[in-house]
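The values are calculated or read from the model by the stated rules, or taken from the named source; none is laboratory data. If you're wondering where the values come from, they're calculated on a predicted model, not measured in any experiment. Reconstructed Cβ throughout: ideal geometry from the backbone, glycine too, with neighbour counts over all protein chains shown.
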């Protein structure tokens, strides 16, 4: 049996963007043992994926920190006897791990710092495609087809039942159609102001007879409360109360999801939910939500910033996010809600 390791990129959204690569690989290597190597906090994105046999953590902040920790990981990789490794990001440390683990075929993108450790160096695609399709040339380099599938996210039957039970016990939610607002983002300058999320939530609650639900991780709890305090309409709060897997299963029940360029937006799109994506410092052409365009609206004022994407997270507010008005987000949301109910 062929044994293949795929070294994942970082962050939730980028891990989801790797699923078209994993799907194409599985379709053409149906009998192979396919494992992934990635950050522990991102493994939840791929739980229950039909494309992967094993999820291996690379915990470089704790368990695999330092020389001793990395050696333990190298020993674990050697024991699995991988034939081929694909590395989806340019990384000297990860390329060294693969070489030290004795994986003979190492396929990745060429780079002055790490390319010399690869056995098959691939030029990055130009012009740059959507991030979810940017990894496919690695398959083409070894003679495999690289169809552009949408990304996917798998919710198990048990998670679906648990989400329904959680929502039934959440005050205000039981039995009502839900619109989920996700105000958080990994960079501050990717966040839409909380007062505008609040104004949008009030308008949607009043005019669509839906229950507004605010979502987010533990680090988003304060931001979610800031939105809730500014709203006149009753709000159901999930921010800080769910794991990513629990949140994903809850998103599947949403009538609509409004979020910035975050992993949650992309999970909602992967679950075929209508989504409104709010973009400022990042480019929808590269990291926009994939899926049915009839269920997707993107709001982006690219002319507000001369550099898109803008990698300056120290800026508290991005002019592109400031330029997004409540009226236009509401209009986009209302049109989506109308179209999916017709």
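Scoring residue 90 on the criteria (1) touching a strand residue (DSSP E or B) at 6+ places or on another chain (Cβ under 7 Å); (2) surrounded by 16 or more Cβ atoms within 10 Å (Cβ to Cβ); (3) under 26 Å from residue 1 (Cα atoms) leaves a single failure, condition (3). Taking residue 146 as the residue in question, decide whether it is in contact with a helix residue (DSSP H, G or I) (Cβ under 9 Å, 6 or more places away or on another chain) and more than 19 Å from residue 17 (Cβ to Cβ). Considered against the rule, which asks whether it is in contact with a helix residue (DSSP H, G or I) (Cβ under 9 Å, 6 or more places away or on another chain) and more than 19 Å from residue 17 (Cβ to Cβ), residue 146 comes out as no.
Tell me the strands (runs of 3 or more DSSP E) entirely within segment 225-342 that contain at least 1 residues that are in contact (Cβ under 8 Å) with a residue 24 or more places away in the chain and more than 15 Å from residue 182 (Cα to Cα). Write out each step before concluding.
Numbers: elements: 235-237, 256-260, 275-279, 296-300.
Qualifying strands (runs of 3 or more DSSP E): 296-300.
Condition (residue is within 17 Å of residue 166 (Cβ to Cβ), in contact with a helix residue (DSSP H, G or I) (Cβ under 8 Å, 6 or more places away or on another chain) and not in a loop (DSSP other than H, G, I, E, B)) applied to segment 195-211: is it met by at least one residue?
As a first pass, look at segment 195-211 and keep what is within 17 Å of residue 166 (Cβ to Cβ): 211.
Narrowing further to those that are in contact with a helix residue (DSSP H, G or I) (Cβ under 8 Å, 6 or more places away or on another chain): 211.
With the extra rule that they be not in a loop (DSSP other than H, G, I, E, B), the set shrinks to 211.
Yes - at least one qualifying residue is present in segment 195-211.
Those strands (runs of 3 or more DSSP E) of segment 28-133 in which at least 1 residues are on the phi < 0 side of the Ramachandran plot, over 27 Å from the mean Cα position of the chain (by Cα) and not assigned by TED's automatic domain parsing to the domain that holds residue 264, considering only elements entirely within it, cover 105-109, 120-122.
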